[in-house]
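Down below is the structure, laid out as structure tokens.
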Amino acid sequence: MGTAATELGNLGTDPWGNAKGAALDINDLGTAVGWAEDWQAAASGVQVAVRWAAGATTATRLGDLGTNVFGNTASCALSINDAGLAVGWSLRYDDPFSFSGSSHAVLWGADGVAIDLNTLLPPADAEHWTLIQANSISGTGWVTGYGSFDPDGDGPIPGYDRMFLLQIPEPSTACVLAICAGTLMPRRRPRR
């Protein structure tokens, strides 16, 4: 591709011929990730996570964690490592008839299927954590991001946002993800 700017592909254009999106990270092999508005799907114009393969410009839509009653969703890939593992966030709809979803941290493999990182937490951590967004992934599978930590589970103390660090297990192992308690930094939850 060289030093000249190369336009990356999109997922269609709006009725006026515009395409919006952003390439947010690239690995050493030249594969990039980010988001694009999807004007090809039935629910047009939604922001979805995409990948651009090394040496190519075609945008490939990555999976999500479901849609709302109108078929809309949103997602974004924020980081990719050299193994082709990408992380970011996707809206998840616990109620299929809801209009809005909640953001969950996700991992995408080479197949583009979205894996909710919350589903990989050990039960003791899942009781207290909702991982909201994964910001970065290292070459060795370490993921950083932020989530909501509720110290007493369903008790009266409200949850608050905290940063997390966890390692994605090797595909050949049966181990589960663990929150590294020594690396968690508390952060105040914004008022809504």
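The values are calculated or read from the model by the stated rules, or taken from the named source; none is laboratory data. This one's a predicted model, so the numbers in the text were calculated from it and none came from an experiment. Ideal geometry is used to build each Cβ from the backbone, glycine not excepted, and the neighbour counts take in all protein chains shown. All accessible areas refer to the heavy atoms of the entire protein, side chains included, with ligands and DNA or RNA removed. Shrake-Rupley method; radii C 1.70, N 1.55, O 1.52, S 1.80 Å.
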Residue that is at pLDDT below 95, surrounded by 15 or more Cβ atoms within 10 Å (Cβ to Cβ) and either closer than 18 Å to Ala49 by Cβ or not charged (D, E, K, R) (or both), where the choices are Leu107, Leu121, Leu131, Leu117: Leu121
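This table checks each residue for (1) farther than 19 Å from Ala110 by Cα; (2) free of Cβ contacts under 8 Å to residues at least 24 places away in the same chain.
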position: Ala22; (1), (2): yes, yes
position: Asn27; (1), (2): no, no
position: Ala36; (1), (2): no, no
position: Trp39; (1), (2): yes, no
position: Ser44; (1), (2): yes, no
position: Thr57; (1), (2): no, no
position: Val69; (1), (2): yes, no
Residue count, the range 134-172 (criterion: touching a strand residue (DSSP E or B) at 6+ places or on another chain (Cβ under 8 Å), open to solvent by less than 30 Å² (accessible area, probe 1.4 Å) and free of Cβ contacts under 8 Å to residues at least 60 places away in the same chain): 10
Any hit, the range 33-55, residues being assigned to a loop (DSSP other than H, G, I, E, B) and under 21 Å from Ile168 (Cα atoms): no
Residue ID - nearest to the chain's Cα centre (by Cα), chosen from residues in the range 67-108 that are of a type in the set (Val, Ile, Thr) and farther than 26 Å from Gly30 by Cβ: Thr73
Matching option when the condition is more than 17 Å from Asp111 (Cα to Cα) and of a type outside the set (A, V, I, L, M, F, W, C), among Asp95, Asp82, Asp64: Asp95
Among the residues listed as Gly34, Gly55, Gly17, Gly21, the single one being more than 18 Å from the chain's Cα centre (by Cα) and open to solvent by less than 60 Å² (accessible area, probe 1.4 Å): Gly17
Gly84 vs. criteria modelled with pLDDT of 95 or more, buried (at least 17 other Cβ atoms within 10 Å of the Cβ) and not in a strand (DSSP E or B): yes
The range 1-19, residues that are touching a residue at least 24 places away in the same chain (Cβ under 8 Å) and of a type outside the set (S, T, N, Q): Met1, Glu7, Leu8, Gly9, Leu11, Gly12, Asp14
Residue in the range 145-152 that is more than 21 Å from the chain's Cα centre (by Cα) and modelled with pLDDT under 90 present: yes
Identity of the residue in the range 37-52, surrounded by 18 or more Cβ atoms within 10 Å (Cβ to Cβ) and aliphatic (A, V, I, L, M), that ends up farthest from the chain's Cα centre (by Cα): Val46
Residue among Asp116, Asp64 that is farther than 20 Å from Leu11 by Cβ and of a type outside the set (Gly, Ala, Ser): Asp116
